[in-house]
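Engineer: The structure is given below, and queries will be raised subsequently.
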Amino acid sequence: GIKFNSMVPLTKMGSDPSSVVHKVLQEYKCHNCEIVFREDVEIDQFIDLLEGNRRYIKCLYCYNKADAVTMEELDVLARQPNSMVMSCHLDLNKDRLLARMWNMLAMVRVYTRRRGEPPDLNEPSVMTDGRGGVTIRTLCGHLHRDLMREFKYALVWGQSCKHTPQRVGKEHALMDEDVVQIFKKTAKEYGLEKKGKVLTKQGCLAEPSKKVHDRDKKGPSSSRHDPGYKHNGKLGGKSSGFA
């Protein structure tokens, strides 16, 4: 059957929310389910959940011509949730509107720099969590599609570092207004990597790893304490009398 439970009072579904929910579930042919409400929602929001083809996104209401209304009306509009009042004619609240939009979209500006040159602060790379993330890997994809193949490491200056500069890998999470300098592999390193070989930090060719059996990992046992050791065809040990 249908199990109905609510963690908060449902004030937007009438006097009997349980019967309303049961009727809606019967229309959608849901006869065996368990419904738990953790927030006070409307019946339209519950139907959107059952449909499964609705997606709620962030919204910011911007009211222009703030200079054409009284202070009392302006105060009522400004106190509404997700609302911002402004005036294009008097150039009021434009900076606050831009900052509010930037924070709601969760955008991150990242600046790049070349070796031996100051960072380019005129054209940042803008990234968001909803579109690929804010990691070094995403930044490389923004700069060039083949950069990840030649990526070696990166130096980062900014809020995301424990110390400046910090050497990081491709999965390092960036923060707003970080400065990144990317180092690529040399032609020798890139060519050897294609052949399945690796260079050490000293520039030498690393030997391929070998599998060692468990019995070979143990060192040889001492003949003095080995009861199965043979000397001249006889079993040795503590009682054999030889060193």
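The values are calculated or read from the model by the stated rules, or taken from the named source; none is laboratory data. No experiment lies behind these values; they were computed from the predicted model shown. Cβ sites come from the backbone with ideal geometry, for glycine too, and all protein chains shown count toward neighbours. Keep in mind that these areas ignore ligands, DNA and RNA; they rest on the heavy atoms of the full protein, side chains included. Shrake-Rupley method; radii C 1.70, N 1.55, O 1.52, S 1.80 Å.
Engineer: Can you tell me the relative contact order of the stretch 120-184? Whole percent, Cα pairs under 8 Å, sequence separation 6 or more.
Structural biologist: So the answer I get is 33 percent.
Engineer: Amide H of I2: which non-local residues (sequence gap of 5 or more, or other chain) have their own amide H closer than 5 Å, using H built in the peptide plane?
Structural biologist: Amide H neighbours of I2: C33.
Engineer: If you bin every alpha carbon distance in the stretch 50-119 into 10 Å steps from zero, what whole percent lands in each bin?
Structural biologist: 16, 33, 22, 17, 10, 2
Engineer: Between Q80 and D40, what length comes free when the chain is fully extended (0.36 nm per residue of separation minus the Cα-Cα distance, one decimal in nm)?
Structural biologist: 12.6 nm
Engineer: I would also like to ask the following. Pop out the carbon and sulfur fraction of the accessible area of the stretch 1-113 as a percent, whole number, probe 1.4 Å.
Structural biologist: Heavy-atom surface of the stretch 1-113 belonging to carbon and sulfur, 1.4 Å probe: 52 percent.
Engineer: What is the distance, in nm, between label points placed 7 Å from the Cα along the Cα-to-Cβ direction at L92 and at Q166?
Structural biologist: Computed distance between label sites L92 and Q166 equals 4.3 nm.
Engineer: How do M13, M7, M175 stack up against each other in accessible area, from largest to smallest, with a 1.4 angstrom probe?
Structural biologist: M7, M175, M13
Engineer: How high is the relative contact order of the stretch 1-62, in percent, counting Cα pairs under 8 Å that sit 6 or more residues apart?
Structural biologist: Averaging sequence separation for qualifying contacts and normalising by length gives 45 percent for the stretch 1-62.
Engineer: Could you grab the Rg to Rh ratio for the stretch 1-113? Cα atoms only, Kirkwood for Rh. Provide the component values of the computation, followed by the final result.
Structural biologist: Working: Rg = 21.2 Å, Rh = 18.1 Å.
Answer for the stretch 1-113: 1.17.
Engineer: Give me the accessible area per residue for the stretch 6-151, probe 1.4 Å, as a whole number in Å².
Structural biologist: Values: 10900 Å² over 146 residues.
Per-residue accessible area for the stretch 6-151 comes out at 75 Å².
Engineer: Using a 1.4 Å probe on the protein heavy atoms only, what accessible surface does K94 show? Give it in Å² to the nearest 10.
Structural biologist: 90 Å²
Engineer: Measure up K162/K185; K23/K58; K58/K94; K58/K184 against 28 Å on the Cα-Cα distance and list the ones that go over.
Structural biologist: Listed pairs above 28 Å: K23/K58; K58/K184.
Engineer: Still on this structure, I have one more. Over every pair of different alpha-carbon atoms in the stretch 1-51, take the mean of 1/r and invert it; report that Kirkwood radius in Å.
Structural biologist: Hydrodynamic radius (Kirkwood, Cα only) of the stretch 1-51 equals 11.1 Å.
Engineer: Now a separate question. Which value in Å is the Kirkwood Rh of the stretch 61-191 over different Cα pairs?
Structural biologist: 17.4 Å
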